[in-house]
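The next block holds one structure in the form of structure tokens; read it before the comments.
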């Protein structure tokens, strides 16, 4: 309670000063906002963008048809798609052909 009275004792003259000179209040607010803006810019620069890449949609077009060699089937495209999806780095979307993927990119 005593601390609150001390704060009010200090704040009353300041409040009357700002009422008398309203431009000073605007100046004080701008001066207070500059460090806040600096902090926002700094924190945005060190923010880890890889933490939210799962929300980014990426179209995967696999045109690899594979090959059969000495009675073994090899499909590197399918293997690569499976590895990419297993990592969960991006929100992958399978597309049947290249033109469909391009249309999605153009549509945003």
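A short reminder: the numbers here are calculations on the coordinates, not readings from a lab. The shown structure was predicted, so the numbers you read here are calculated from the model rather than taken from an experiment. Don't worry about glycine lacking a Cβ; one is built from the backbone with ideal geometry, like all the others, and counts go over all protein chains shown.
So what is log10(I(q)/I(0)) for the range 17-67 at q = 0.14, 0.23, 0.28 1/Å, when the Debye sum runs over its Cα atoms only?
So the normalised log intensities are -0.66, -0.90, -1.00.
Among rounded, prolate and oblate, which fits the range 56-108 when a ≥ b ≥ c are the square roots of the eigenvalues of its C-alpha gyration tensor, a/c under 1.5 means rounded, and a/b larger than b/c means prolate? Could you put the intermediate results ahead of the total?
Working: a/c = 5.89, a/b = 1.73, b/c = 3.40.
Since a/c reaches 1.5 but b/c is at least a/b, the shape of the range 56-108 is classed as oblate.
Can you give the FRET efficiency to the nearest 0.05 for residue 10 and residue 43, using r as the Cβ-Cβ distance and R₀ = 30 Å?
For R0 = 30 Å, the calculated efficiency reads 0.45.
Using alpha carbon centroids, what distance separates the range 61-104 and the range 35-55, in Å?
So the two Cα centres are separated by 33 Å.
Relative to the longest principal axis of the chain, what angle (0 to 90°, nearest 10) does the C-alpha long axis of helix 98-107 take?
Helix 98-107 and the main axis of the chain meet at about 20 degrees.
At 222 nm, what helix-only mean residue ellipticity would the chain give, in deg cm²/dmol to the nearest 500, using -39500 (n - 2.57) for each DSSP H run of four or more? Please report the intermediate quantities before stating the final value.
On the way: 4 runs with 66 residues, N = 108.
Counting only the DSSP helices, I get -20500 deg cm²/dmol.
What is the fewest-to-most order of 67, 61 by other Cβ atoms lying within 10 Å of their Cβ? Please report the intermediate quantities before stating the final value.
On the way: 67 10, 61 17.
Ranked by crowding around the Cβ, least crowded first: 67, 61.
Please rank 14, 95, 71, fewest neighbouring Cβ atoms within 10 Å first, as an exposure proxy.
Numbers: 14 12, 95 16, 71 5.
So the ranking, lowest neighbour count to highest, is 71, 14, 95.
Find how much the distance from residue 67 to residue 2 grows on full extension, using 0.36 nm per residue of separation minus their present alpha carbon separation; answer in nm with one decimal. The partial results should precede the final answer.
Details: separation 65, 0.36 × 65 = 23.40 nm, distance 8.40 nm.
My answer for the length gained is 15.0 nm.
With all distinct Cα pairs included, what does the Kirkwood hydrodynamic radius of the range 2-46 come out to in Å, to one decimal, could you say?
Details: mean 1/r = 0.0794 Å⁻¹.
Computed over the range 2-46, the radius equals 12.6 Å.
Tell me, what is the percent relative contact order of the range 49-107, built from C-alpha pairs under 8 Å that lie six or more residues apart? Mind dumping the intermediate values first?
Values: 61 pairs, mean separation 26.4, N = 59.
The value is 45 percent.
Build a GNM of the chain with springs between Cα atoms under 10 Å: which of 85, 57, 68 gets the top mean-square fluctuation?
Answer for the Gaussian network model of the chain: 68.
Of all DSSP beta bridges located in the chain, what percent are antiparallel, nearest 5? Spell out each step's value before the answer.
On the way: 3 of 8 bridges.
So the antiparallel bridges amount to about 40 percent of the total.
Given Cα pairs under 8 Å that are at least 6 residues apart, what percent is the relative contact order of the chain?
Working: 63 pairs, mean separation 25.8, N = 108.
With pairs under 8 Å counted, the relative contact order is 24 percent.
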